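The values are calculated or read from the model by the stated rules, or taken from the named source; none is laboratory data. Fair warning: this is a prediction, and the values are worked out from it, not measured in the lab. Heads up, the Cβs are rebuilt from the backbone with ideal geometry, glycines too, and the neighbour counts pull from every protein chain shown.
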Amino acid sequence: MKRPLETDGYDENDDEKEISGGIVASVIPDEFLEKHSSEFHKACRHIMRIDKSLVEIILKGDFPLFLKDKREVDFQFYYDKLASAIISQQISGIAAKSIKKRLIDYFGGKFPAFGELHDELVDPIKRQKVQACGFSARKMEYLESLTNYFCEKENSIKDLFANGTDDEIVEQLTKNIKGIGPWSSKMFLLTGLSRMDVFAPDDLGIARGFSKYLSDKPLLVEELKRNRVAAKRSKIKHKKLNWVIYDDDLMEKFAAQFSPYRSVLMFILWRMAATNVEAMANNEKEFISN
């Protein structure tokens, strides 16, 4: 078994325990595990092997994305997720909720089906009414791009989501939908497709959580920088932040040891980034439902 990077929580004797699952059972209550999927159990076992200290963050609250009792999803669900991502771009959460509510009200109390919205957008008068829900001209263009893509490529999209790799899905979404970039695509992989190995070093919360994690681990910082071939600079702007921004390649090197469960690591880092971890854990349900 490959030895993880050095962290304060790693014990080489845990390898054997990890195989049996005892390391998880001994630190995570059964009632917590029973609420979550078997894949989440595996993720916890893997994470505990690397750093048992993360259990404190894990136990701050349930992980809604990985709960057993989740609703069945259909093709429209994926459209709703991507449309909501477009609505939320570059505006406050309150403003996004307001626009989404007006759109739902306009369509009789439900989020519009992509075919239904397509018919509205081709009619100039109805298109104006949709835009009056609060969309800028640019976001209308993005919404139309998404709607046309789903109407014209339904079968290929279904195959992509069912069988495509994470990289293939990101590539196709960014190529075919205006306004959907790599970050939005990765969030869709996470909250829309429930992929287990997503990692986004360009996310501000992830970068902040990572910085907090490393704040008392100078030896780990040194190890991450050792044998560094080429720096992959962070795109996060330093606005007099009171925490260190680490480059993407260092974050990716650290996260690689958590593969194939980096999605769970993402939620852990988001929790670590929050000033109120319990509140952040409670907000995760809203995050995955948007």
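Taking region 61-143 and the helices (runs of 4 or more DSSP H) fully enclosed by it, the elements with 2 or more residues that are in contact with a helix residue (DSSP H, G or I) (Cβ under 8 Å, 6 or more places away or on another chain) and closer than 30 Å to Lys35 by Cα are at 75-88. Yes or no: region 203-225 includes at least one residue that is under 25 Å from Leu265 (Cα atoms), outside the structural domain of Ala255 (by TED's automatic domain parsing), within 18 Å of the chain's Cα centre (by Cα) and not basic (Lys, Arg). No: region 203-225 contains no residue that is under 25 Å from Leu265 (Cα atoms), outside the structural domain of Ala255 (by TED's automatic domain parsing), within 18 Å of the chain's Cα centre (by Cα) and not basic (Lys, Arg).
For residues that are touching a residue at least 40 places away in the same chain (Cβ under 8 Å) and exposed (fewer than 14 other Cβ atoms within 10 Å of the Cβ), tally how many sit in region 133-160. Selection size over region 133-160: 2.
For region 195-230, a residue qualifies if it is closer than 29 Å to Ser184 by Cα and acidic (Asp, Glu), and the qualifying residues are Asp197, Asp202, Asp203. When Val221, Val244 are screened for being at pLDDT 95 or above and either of a type in the set (A, V, I, L, M, F, W, C) or touching a strand residue (DSSP E or B) at 6+ places or on another chain (Cβ under 6 Å) (or both), only Val221 passes.
Quick grid of which residues meet (1) surrounded by fewer than 19 Cβ atoms within 10 Å (Cβ to Cβ); (2) of a type in the set (A, V, I, L, M); (3) not in a helix (DSSP H, G or I):
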site	(1), (2), (3)
Leu241	yes, yes, yes
Val244	yes, yes, yes
Leu250	no, yes, no
Ser259	yes, no, yes
Ser263	no, no, no
Met266	no, yes, no
Thr275	yes, no, yes
Met280	no, yes, no
Asn283	yes, no, no
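Of all the criteria given as (1) in contact (Cβ under 8 Å) with a residue 24 or more places away in the chain; (2) part of a loop (DSSP other than H, G, I, E, B); (3) out of contact with any Phe, Trp or Tyr (no Cβ under 6 Å at 6 or more places or on another chain), the one not satisfied by Leu173 is (2).
Do we have Leu224 as in contact with a Lys or Arg (Cβ under 6 Å, 6 or more places away or on another chain), closer than 24 Å to Ser53 by Cβ and in a helix (DSSP H, G or I) here? Yes; evaluated as a whole, the condition is true for this residue.
Tell me whether region 179-196 contains one or more residues that are in the same structural domain as Ala96 (by TED's automatic domain parsing), in a loop (DSSP other than H, G, I, E, B) and either of a type in the set (Phe, Trp, Tyr) or touching a Cys at 6+ places or on another chain (Cβ under 9 Å) (or both). Checked region 179-196: no residue is in the same structural domain as Ala96 (by TED's automatic domain parsing), in a loop (DSSP other than H, G, I, E, B) and either of a type in the set (Phe, Trp, Tyr) or touching a Cys at 6+ places or on another chain (Cβ under 9 Å) (or both). Summed over region 24-60, the residues that are assigned to a loop (DSSP other than H, G, I, E, B) and among the polar types (S, T, N, Q) give a count of 2.
Close contacts from region 110-123, counting a first residue that is in the same structural domain as Glu144 (by TED's automatic domain parsing) and a second that is charged (D, E, K, R), with Cβ to Cβ under 7 Å and a gap of 6+ residues or different chains, come to Phe111/Asp80; Glu120/Lys126; Glu120/Arg127; Leu121/Arg127; Leu121/Glu144.
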